[in-house]
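The values are calculated or read from the model by the stated rules, or taken from the named source; none is laboratory data. The structure displayed is predicted, hence computed values, not measured ones. A quick note on method: Cβ atoms are made from the backbone with ideal geometry, for glycine too, and the neighbour counts reach across all protein chains shown. The accessibility values were calculated without ligands, DNA or RNA, using every heavy atom of the protein model including side chains. Shrake-Rupley method; radii C 1.70, N 1.55, O 1.52, S 1.80 Å.
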Amino acid sequence: MTAQDLENEANQLSNFGGGIGYVGHGDDFLEFAGSAASFADAGSEAKPFIVSLTNSGAAARTVLLSPGLIADAVGLMKTGAFNDKSGAAGLSGASGSPGTIEEFNAFIRHFPSLISGFKIASDNVAQMDQSITIVKRSPFKQHASLVIATGTYASEGNFNTKILTVPRPFFMDCQTAIEYIVLPGTSVTLTLMVGTSLNIAKALREKTQRAKQTIAQVGGAAVVRSYIG
């Protein structure tokens, strides 16, 4: 094979992204939102998930947007009433998307995702200053926390003080615990913008389809049906 032939072959592999290096283009394991085809344009597309959280208590409550290693950790957001991270009552959740909060939680567990940013909406202006704390959990070591100070994204040019856009990317997956404080007597709506997900099920389907095409070229459709179906 010539050098050009080898380059052409490499560009067809899932772990290669073309002449400029790896950007995720053509990677079977990645699923991008909308029309995005790589990390290079993923920031302009996203699948929003909307969740509303209400704290009817007299003190602030800490919600887990992602539980980390313990799937059913106390404080994980869910539909209806639930306790906060410390076990205190007063919180409730509702989905503003077609899917439920429980389905979103399960999605994140099975499909690690890059969140390209999020929006906060609340009648309580003070809620806009409540930070999001992110930490990777491990049984082997303690990791430092990443704190997203949401209030720093407020702008004097934004006259709608009840809505705040935070264009700060972060990961949601089964290793990551994400905490968010909801102030007493406050309802807040979070819109999480899911940009890129790792999808093993999609990879299996894509690789199976390519295998069918290869086998069909060698042995015909009958062979494909015998080995793959």
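Structural remarks
- The per residue volume of the convex hull around the alpha-carbon atoms of the range 49-167 is 125 Å³.
- Ordering LEU190, ILE163, CYS174 by Cα displacement along the dipole of the range 155-208 toward the positive end leaves CYS174 in first place; charges were set at the Cβ atoms of Lys, Arg (+1) and Asp, Glu (-1).
- Against the empirical 2.2 N^0.38 Å (N residues), the range 121-196 has a Cα radius of gyration ratio of 1.23.
- Most to least accessible of VAL218, VAL182 (protein chains only, probe 1.4 Å): VAL218, VAL182
- Taking every protein chain into account, the accessible area of the chain amounts to 55 square angstrom per residue (probe 1.4 Å).
- Taking a point 7 Å from the Cα of LYS162 along the Cα-to-Cβ direction, none of the residues of the range 131-148 has its backbone N closer than 11 Å to it.
- Listed residues LYS47, LYS162 arranged by accessible area, highest first, probe 1.4 Å: LYS162, LYS47
- Whole-angstrom Cα spans of the chain along principal axes, big to small: 71, 41, 38
- Of the trypsin sites (Lys or Arg not before Pro) in the range 127-161, the ones in a loop by DSSP (not H, G, I, E or B) with at most 11 other beta carbons within 10 Å are LYS141.
- Accessible surface ranking that places the most exposed of PHE118, PHE111 first, with a 1.4 angstrom probe: PHE111, PHE118
- Low-density loop positions, chymotrypsin sites (Phe, Trp or Tyr not before Pro), the range 131-217 - DSSP coil, at most 14 other Cβ in 10 Å: PHE140, PHE159
- Kirkwood-type radius of the range 107-147, with distances r between different C-alpha atoms, in Å: 13.2 Å
- Candidates ILE101, ILE178, ILE215, ranked by Gaussian network fluctuation over the chain, Cα under 10 Å, top entry: ILE215
- Value at 222 nm in deg cm²/dmol, rounded to 500, when DSSP H runs of n ≥ 4 in the chain each add -39,500 (n - 2.57): -6500 deg cm²/dmol
- Between helix 200-219 and the chain: long-axis angle, C-alpha atoms, 0 to 90°, nearest 10: 10 degrees
- Value of Rg to Rh for the range 14-97 (Rh from inverse mean 1/r over Cα pairs, i.e. Kirkwood): 1.20
- The apolar share of the surface of the range 35-134, taken as the fraction of accessible area on carbon and sulfur atoms (1.4 Å probe, ligands and nucleic acids excluded), comes to 58 percent.
- Highest-MSF residue in the chain out of VAL188, VAL23, VAL166 [GNM, Cα springs under 10 Å]: VAL23
- One quarter of the surface of the convex hull around the alpha-carbon atoms of the range 74-138 equals 5.9 nm², the direction-averaged projected area.
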